[in-house]
Amino acid sequence: MRSRRDFIRISGLGAGGLAISASGLGVYKNLASSPPQGSELSVDTTRTPTYCEICFWKCAGWVYKNEEGKIWKVIGNDEDQHSNGRFCPRGTGGPGMYYDEDRLKTPLIRTEERGKQVFREASWEEALDYIAEKIKGIAEEHGPECTALLTHGSGGKYFGNLLKAFGSASIAAPSYAQCRGPREVAYHMTFGEGVGSPERTDIRDTKCLVLIGSHLGENMHNGQVQEMSDAIDKGASIITVDPRYSIAASKSKYWLPIKPATDIALLMAWIHVIINEEWYDKEYVEKYTYGFDQLKAHVQHMTPEWAYGITTLEPDLIRKSAKEMANAAPAVIIHPGRHVVWYGDDTQRSRAMAILNALLGSWGRRGGFYNPEKVSIPSWPHPPYPVPGRTWKDAYPDQYNLAYETLASGICDATIPTLSKACNFKAWIVNGTNLIKTIPDTEKTLQAIQELELMVVIDTMPMAITGWADVVLPECTYLERYDTIRDSTHRKPAIALRMPAAEPMYNTKPAYWMAKELANRLGLGEYFSWNTIEEMLDWQLKQVGSSLEEMQRIGVKTFDRTYDDLYFQKDQDMEFYTNTGKIELYSTALAAEGFDPMPKYTAHEEPPPGFYRLNYGRAPSHTFGRTANNALLKDLMEENTAWINPKVAGEWGIENGQYIWLENQDGIRSSFPIRARVTERIRWDSVYMVHGFGHTNKKLSRAYGKGASDSELITKVHLDPIMGGTAMRGNFVTFKFEPKEEEAAS
Ligand SMILES: Nc1nc2c(c(=O)[nH]1)N[C@H]1C(S)=C(S)[C@@H](COP(=O)(O)OP(=O)(O)OC[C@H]3O[C@@H](n4cnc5c(=O)[nH]c(N)nc54)[C@H](O)[C@@H]3O)O[C@H]1N2
Ligand SMILES: Nc1nc2c(c(=O)[nH]1)N[C@H]1C(S)=C(S)[C@@H](COP(=O)(O)OP(=O)(O)OC[C@H]3O[C@@H](n4cnc5c(=O)[nH]c(N)nc54)[C@H](O)[C@@H]3O)O[C@H]1N2
Ligand code: SF4
Ligand SMILES: [Mo]
């Protein structure tokens, strides 16, 4: 077994720099101090607290400045459960976002047709007046419900307050229908509760971690990766199911190189073995679950031999890995994954994973899933919100009744007028989400945008989405602003403060300021009745026994748990928030909605001849497309590559390192070439690439044209009938050796 140091070092080293390693990908790099360069001797010892916005793990840290008062580096806060005092490579590179000279610098108003990227600079006064007038007009004509908010990131809370005050409840984040939605629904159906973020997985104390796709180590969610490497050090075994030899696979006792799109067959065969061999937790199943007999009958034909024919995994490997889990139970985790929108039957795949956890008794047990707790921060008092006449859901009267959150793609689709859509949107406020690259089927997203009377985009960088905006509002970076208090769940309830380490550069402003200014212009000032953000935060913090002054000093405050209920107590009687009050192996809610109450395997489309399944994922040093232009992180990885199996590369005559173009089943060719990485680490039937490259906005001087975009190639979307998740892995690519003619000519 490899040591922890071999696995990954997420380090909170002091001055001078940070060693980053993500073994397996060869990302070894010394991130020197952030620009402007500062030496250890010239450190200003004052530090201000923040939490990181480079991804959504929200690690809390400290920002240090150099003696000229310039932001120098960000390191983890030792008190923080998300980071344990150590930032990941991306978080350490955060100052690169602040110093990026390509940032949006002033409000912009579009002067030509959409997509042409011709804007004029405007004052804040003018831009905000313009938006308020437009939105008022749209509300008068179509109702306030026709404005939607699409948001990902901290400032969304303020725009959410604005929108609800205005009379619309259509507020969506792409982290639901494009990410973790199916798993949340599946866990609700099974345990009556979702998984949440950070995930409630007790990886620290697990004896067996089963990763279905989840590529921890490349998926660099900080505390989780640290816990995984600690668990490995303590002897935990890892089982990875992945068609690609991921970093996690390289640390695994069992790697199951599954044929893509067949996971449900494997999961059902595992369930079969665990039930038939009587390896399940009998007491737990008896006491807490509903539907065991139906499940047992349901899986009888789903033998490892049956699954072998589907998954290409040897029956013996299926049995041995099932035994490994059973031996570790209840300290075993079938990891629920996070980006689970794969093939359209994703809620059911997530259900199969949840059922396995239930059979092994890991929910509510040490080394399985813990019961998280949070501090609830009260909202600043405001009048009640008006009740909207309709919402996005009215566009889908008989669908997605089990979706608990709004679907970003649902809003997008409902914006395109068709007879069946009862809530057409006329205005979008888009905050911190690059929808063009984020929602699959870009053509459709653009069609929806063309239907809008107004699209306001709040961003820090000129991205694909800002090019389509009517008004662009430049937000200052997370290092230059106060924000909502982080109150996410964890083993212990805790809060974290973000405050500005420096004045906003250029003519940029924080989201809370923009939302309040817009509220004033829309006659909604009473929903933002605080005078200063400091006044509001101090009031909120005092309600939970802290203060702004205290949080400015300590950054993170951890509280004791209310009850000793991190895990179930022995023989404890439990009631779960499901229809039966039990953990539902047989889902009564799914049955009531007309869906299969227990998961079934159904075959998915195979690649046509000469095509390969398009597979994509994360790189340790980047977050989606938001870091590609970051001067510090670009050095760690400047472009993505297309992983191609040597057998396939040989057939096509593709050399390692050669630039090629990918073209999908619908004839869409990547705008830019991508370098081939010929490697045994990918199955012959798939091609793998990291998401977030191939930027098309020329204003991104470092990222423009570097690598290819998976989003462009994801034109076919399979909707999860249960909750509307947009599955992205049913696309196929082939290889081309020149750009499309029109691009070649230009
Ligand atoms: N560094 C970094 N870390 C991140 C992020 C980031 O941008 N950068 N983003 C964060 C976010 S928001 C999310 S949602 C998570 C996503 O991270 P995960 O939830 O871990 O991602 P997935 O897309 O589920 O998994 C990708 C893996 O699935 C494998 N795979 C592809 N097809 C199949 C299949 O049919 N079966 C199986 N078993 N495996 C398959 C791929 O080879 C790849 O290794 O990462 C988070 N962490
Ligand atoms: N093809 C494809 N599509 C995917 C995925 C994939 O792997 N492949 N992953 C899916 C997943 S798991 C998720 S969670 C979503 C993520 O989807 P998004 O959150 O849309 O991801 P990003 O591309 O990082 O876009 C974030 C935008 O916010 C901006 N931004 C960064 N910081 C700030 C800030 O402080 N304030 C403001 N106002 N803006 C800021 C960035 O410049 C960028 O334009 O994408 C989903 N879509
Ligand atoms: S995991 Fe890394 S990028 Fe994400 S919040 Fe933590 S330090 Fe920032
Ligand atoms: Mo995500």
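From its DSSP helices (H runs of at least four residues, each -39,500 (n - 2.57)), the chain gives a residue-normalised ellipticity at 222 nm of -7500 deg cm²/dmol. Under 17 Å of direct C-alpha separation, and excluding same-chain neighbours fewer than eight residues apart, Lys323 reaches these lysines: Lys207, Lys253, Lys282. Per-peptide packing, taken as the mean over residues of other Cβ atoms within 10 Å, places 330-340, 394-404 in the sequence 330-340, 394-404 from highest down. Which one, Pro107, Ala322, Gly610, is farthest towards the positive end of the dipole of the chain when Lys and Arg carry +1 and Asp and Glu -1 on their Cβ? The residue sitting most towards the positive pole is Ala322. Each peptide in 410-417, 303-310, 573-580, 482-489 was scored by the mean count of other Cβ atoms within 10 Å over its residues; highest first, the order is 410-417, 482-489, 303-310, 573-580.
Pairwise Cα separations in the chain fall into 10 Å bins from 0 onward with the following percentages, short to long: 3, 14, 24, 28, 21, 9, 1, 0. The residue among Ala127, His382, Asn276 whose Cα reaches farthest toward the positive pole of the charge dipole of the chain, with charges on the beta-carbon of Lys, Arg, Asp and Glu, is Asn276. Taking the average, over residues, of other Cβ atoms within 10 Å as the packing measure, peptides 365-376, 129-140 rank 365-376, 129-140 from highest down. May I ask for the Kirkwood hydrodynamic radius of the range 612-745, worked out over all distinct Cα pairs and given in angstroms to one decimal? Final number for the Kirkwood radius of the range 612-745 is 15.3 Å.
A simple charge model with +1 on the Cβ of Lys and Arg, -1 on the Cβ of Asp and Glu and nothing else charged puts the dipole of the range 612-745 at about 420 debye relative to its Cα centre.
Rg and Dmax, both from the Cα atoms of the range 619-686 and both in Å, are 13.6, 38. Note that the range 524-606 shows a convex hull volume over its alpha carbon atoms of 337 Å³ per residue.
The antiparallel fraction among DSSP beta bridges confined to the chain stands at about 50%.
Converting the Cα gyration tensor eigenvalues of the range 696-744 into ellipsoid dimensions via √(5λ) gives semi-axes, longest first, of 28, 16, 8 Å.
Straight-line cross-link partners of Lys134 among the aspartates and glutamates, defined as a Cα under 16 Å from its Cα and at least 8 positions apart when in the same chain: Glu125, Glu126, Glu145, Glu451, Glu453, Asp470, Glu517. Hey, if you drop one equal point scatterer on each alpha-carbon of the range 196-251 and run the Debye formula without solvent, what base-10 log of I(q)/I(0) do you get at q = 0.13, 0.21 Å⁻¹? Those come out to -0.27, -0.73, one per q.
Cross-link partners of Lys287 among aspartates and glutamates, defined as those whose alpha carbon lies under 20 angstrom from its own and excluding same-chain residues fewer than eight positions apart: Glu193, Glu277, Glu278, Asp565, Asp571, Asp573, Glu575, Glu584. Taking the range 612-745 as the region of interest, the number of lysine pairs whose Cα atoms are within less than 22 Å, with members eight or more places apart or on different chains, is 10.
Since every read-out is calculated from the coordinates, none of them should be taken as a lab result. Keep in mind the model is a prediction, meaning the values are calculated, not measured. Note that each Cβ is placed from the backbone with ideal geometry, even for glycine, and that neighbours are counted across all protein chains shown.
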